[in-house]
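Asker: Below are the structure tokens for one structure; questions will follow.
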There are 2 protein chains.
Amino acid sequence: MDPRIREHAEVLVDWSAQVSAGDNVIVQLDEGSIPLGIAVAECLGEREANMVVTFNSDELSRAYLHSFPSLDFTDDPEHALALFEEADVFLRLRGGSNTSGMADVPMDKRQAISRARQKVREATYDTDWVSTIHPTPSLAQQASMATEEYRAFAYRAMIRDWESLAGEMDRLKTRIDKGDEVRIITDNTDISMRIEGRTAVNSAASVAYDSHNLPSGEVFTAPYATEGEVVFDVPMTLYGSPVRDVHLTFEGGEVVDVDAAEGLATIEGILETDDGARRLGELGIGMNRDIDRYTNNILFDEKMGDTFHLALGRAYDACLPEGEIGNESAVHVDMIADMSEDATLSIDDEVVYREGSFVWETGFSAN
Amino acid sequence: MDPRIREHAEVLVDWSAQVSAGDNVIVQLDEGSIPLGIAVAECLGEREANMVVTFNSDELSRAYLHSFPSLDFTDDPEHALALFEEADVFLRLRGGSNTSGMADVPMDKRQAISRARQKVREATYDTDWVSTIHPTPSLAQQASMATEEYRAFAYRAMIRDWESLAGEMDRLKTRIDKGDEVRIITDNTDISMRIEGRTAVNSAASVAYDSHNLPSGEVFTAPYATEGEVVFDVPMTLYGSPVRDVHLTFEGGEVVDVDAAEGLATIEGILETDDGARRLGELGIGMNRDIDRYTNNILFDEKMGDTFHLALGRAYDACLPEGEIGNESAVHVDMIADMSEDATLSIDDEVVYREGSFVWETGFSAN
């Protein structure tokens, strides 16, 4: 076995999910992530955890959804719900054989089954869940990279000194928690948003930090009262469609104008989902500098060093004061922009980041 | 997709498991049975059943068991138990990549996890469960057959007119149910056993017949008070060891002498498991004539036409009067013998089968 697979499994089980003896763990495999599943099983055995292995496959889901004759899916089947309700930890090991494997399943059917699995989904969120990927040829292809090149990239981003990055990210979290307003200026962006009363999450790839992705490496919060213009210059694929250079104009916290070099209809469709889809749910600052390139996979792209992202739609509870309800929406759509050149991020008029350096880093220049 | 995969899935879902709309179904895949899983998912979608897919892999189980540092497995983890307790149907689609995939896992560890999963196992038996195989290269290799040759064989045995075979088997069941004693004589066997008060199962590959294997095609009951000698001349692999020409001598229902051309130590080990392991739990008559050769897989071999098998150990409740406890044992080990030549099977001194023909078939001769 490639020793990196075993190292990845150890980071996942020990740092990310913090599995201990007797934990009831669900390991969910895709058809391409079985090698990682074997390494995870080995780690779970060592930790004396209890394991149920479930299987996810786009081909299988597609066959089921295509043949299902209506949109009347049973709400939250008892056996699926019971499995997740009794679990302590849910490890989602993504890595299929075709990232477009559901391409011809009608959107209304995908939405219908998603609605009919709401309690099952909530039950997974009540576990110490972590989502990661096994670097498959399919994911490499999506990133336009050779498979071995992609493996080296992915393992560099995932197998790293997380404690040290957590310390680094805590510096930014502290400043955001104290601040009232964030402003980001680049050559095509000038946007301000309120963060007063909101808390930042130091997303250090561990449930101990309220962080459920491996890799992670971002600091995020839930902004409001957004004003100004922003261009997202990192390309992405949303709902299967390529989207480039989305340009949003905000007034009074809401999107009042939208444009895009590609995928305008997709963005317009998202904005029309509900009222909350026109407001921001998240501001995130990517701080994982081992993610040094775009790979068309949001799990990695949004944590890319020297980028920021904004999400239209739902806000995360971890960023809100106890009991407060943030922006509500059926969607949460992240879009990413580069900050490595001609860019500043200020909190309450103090520049805390300028084109590649934070204020506490050598190389930072205040103006 | 090979159309036989779809036909196999239909037989499994409709005839064997009798799935209906709203049923909570668990589909358990091995790493080699995913193509069948896709076809089953398609059928379950058409029937509007609810599906959870679990994954079984010897490589994964081996990794977990090897690394587990003791024999103190948690008894029946809540999430595994809850999943099966809330399920209506359990479809076990076997077909790995190496039938020896657990070969180096110590027996005491396999036994320990098996003991620690007793309630989970019982919960699976409380569902409408069916075990079948997807014809993989590994299973073909175990049968010493070319893969395509094996596929043709396996599908012939599984995709067939089960209703017609059920009618045929019912003739034998009726005679066994009425009978008090069975005697089988071949050139090296002369064995008698009591069946008075016991019921035969017409195992027609459907839960509607208390039959949980696809393929099936056997009539079996729970005999007692066995006397005489028997030689099992169909070769088999028991606990990973080849076993040939086991020769058992019974007195007063118990094995009093044992010999074998190969694997004697394995058989002796089985006989020493507990008191019940020295008595019979099953007499079965193979009646699936599409299984016309030995393939070193008990799921097929014991249903081979013109054979009988006896199992040392546990008897099945379905063969016993309500409330009666049959032979009890931790083991149930089937061994098979040919009846196609020089053989008779009699019930209460009436010959009902002679070398290839039952009493109701043309070609049968009474002496």
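Derivation of every value follows stated rules applied to the coordinates shown; laboratory data play no part. Bear in mind that the values here come from a model prediction, so they are computed numbers and not experimental data. Neighbour counts run over all protein chains shown; Cβ positions are idealised from the backbone, glycine included.
Asker: How large is the convex hull of the Cα atoms of the range A:48-129 per residue, expressed in Å³ as a whole number? It would help to have the intermediate numbers written out before the result.
Answerer: Details: hull volume 8.6 nm³, N = 82.
Measuring per residue, one finds 105 Å³ for the Cα hull of the range A:48-129.
Asker: Per 10 Å bin from zero, what fraction in whole % of the C-alpha pairs of the range B:120-211 is there, up to the bin with the longest pair?
Answerer: 13, 26, 32, 27, 3
Asker: Something else now. Largest first and in whole Å, give the semi-axes of the range B:1-81's equivalent ellipsoid, each being the square root of 5 times a Cα gyration tensor eigenvalue.
Answerer: Working: eigenvalues 184, 56, 14 Å².
The three semi-axes for the range B:1-81 are 30, 17, 8 Å.
Asker: Another question, if that's okay. If you take the Cα atoms of the protein assembly as shown, find Rg, then find the Kirkwood Rh from the mean of 1/r over all pairs, what is Rg/Rh? Don't skip to the end; give the middle numbers.
Answerer: On the way: Rg = 31.3 Å, Rh = 28.9 Å.
Answer for the protein assembly as shown: 1.08.
Asker: Peptide B:65-73: average number of partner chain Cβ atoms within 10 Å per residue? The partial results should precede the final answer.
Answerer: Numbers: counts 3, 4, 8, 8, 5, 1, 0, 2, 3.
Partner Cβ neighbours, averaged per residue: 4.
Asker: Write down the radius of gyration of the range A:162-358 and its Dmax, each obtained from C-alpha positions, in Å.
Answerer: 15.2, 42
Asker: Using only the Cα atoms, work out Rg/Rh for the range B:69-195, with Rh taken as the Kirkwood radius, to two decimals.
Answerer: Working: Rg = 20.3 Å, Rh = 19.1 Å.
So for the range B:69-195, dividing Rg by the Kirkwood Rh gives 1.06.
Asker: Within 10 Å of each Cβ in A:18-26, how many Cβ atoms from other chains are there, averaged over the peptide?
Answerer: Average per residue, whole number: 2.
Asker: For B:36-44, what's the mean count of beta carbons from other chains sitting within 10 Å of each residue's beta carbon? Kindly include the intermediate steps, with their values, before the conclusion.
Answerer: Working: counts 0, 6, 7, 2, 3, 11, 8, 3, 5.
Counting other chains' Cβ atoms within 10 Å and averaging over B:36-44 gives 5.
Asker: Roughly how big is chain B's charge dipole about its Cα centre, with Cβ charges of +1 (Lys, Arg) and -1 (Asp, Glu), in debye to the nearest 20?
Answerer: Working: 30 positive and 70 negative charges, 170 e Å.
In total the dipole reaches around 820 debye.
Asker: Something else now. Lysine pairs in the protein assembly as shown with alpha-carbon atoms under 19 Å apart, 8 or more places apart or on different chains: how many are there? Please list the in-between numbers first.
Answerer: Working: A:109/A:119; A:173/A:303; B:109/B:119; B:173/B:303.
Going through the protein assembly as shown pair by pair, I get 4.
Asker: To continue, here is another question. Could you tell me the largest-minus-smallest coordinate of the C-alpha atoms of chain A on each of the three principal axes, in descending order and whole angstroms?
Answerer: 54, 47, 45
Asker: Moving to a separate point now. How long, wide and thick is the range B:245-367, going by the Cα atoms along their three principal axes, in whole angstroms, largest first?
Answerer: That gives 44, 38, 27 Å along the principal axes, largest extent first.
Asker: Something else: If you fit an axis through the alpha-carbon atoms of helix A:162-178 and take the longest principal axis of the Cα set of chain A, what angle between them do you get, 0 to 90°, nearest 10?
Answerer: 50 degrees
Asker: How much of the DSSP beta bridge set in the protein assembly as shown is antiparallel, as a percent to the nearest 5? Mind showing how you got there, number by number?
Answerer: Details: 107 of 149 bridges.
In the protein assembly as shown, DSSP labels about 70 percent of beta bridges as antiparallel.
Asker: Note down the magnitude of the dipole of the range A:81-216 about its Cα centre, charges +1 on Lys and Arg C-beta and -1 on Asp and Glu C-beta and zero elsewhere, to the nearest 20 debye. Don't skip to the answer; put the middle values down first.
Answerer: Details: 18 positive and 21 negative charges, 68 e Å.
Rounded to the nearest 20 debye, it is 320 debye.
Asker: Another question about this same structure. Let me check I have the definition right: for the range A:135-184, take the eigenvalues of the Cα gyration tensor, multiply each by 5, take square roots. What are those semi-axes in whole Å, largest first? Spell out each step's value before the answer.
Answerer: Working: eigenvalues 226, 47, 8 Å².
For the range A:135-184, the semi-axes come out at 34, 15, 6 Å.
Asker: Continuing with the same structure: Just going by the charge dipole of chain B, with Lys and Arg at +1 and Asp and Glu at -1 on Cβ, which of B:258, B:331, B:18 is farthest out on the positive end?
Answerer: B:18
Asker: Let me ask something additional. In whole Å, how far is the Cα centre of the range A:42-61 from that of the range A:326-341?
Answerer: 31 Å
Asker: Can you give the percent of C-alpha pairs in the range B:3-158 whose distance is more than 27 Å?
Answerer: Values: 3516 of 12090 pairs.
Cα-Cα pairs in the range B:3-158 separated by more than 27 Å: 29 percent.
Asker: Against the longest alpha carbon principal axis of chain B, how many degrees, from 0 to 90 and to the nearest 10, is the axis of helix B:58-67 turned?
Answerer: Taking Cα atoms only, the helix is inclined about 80 degrees.
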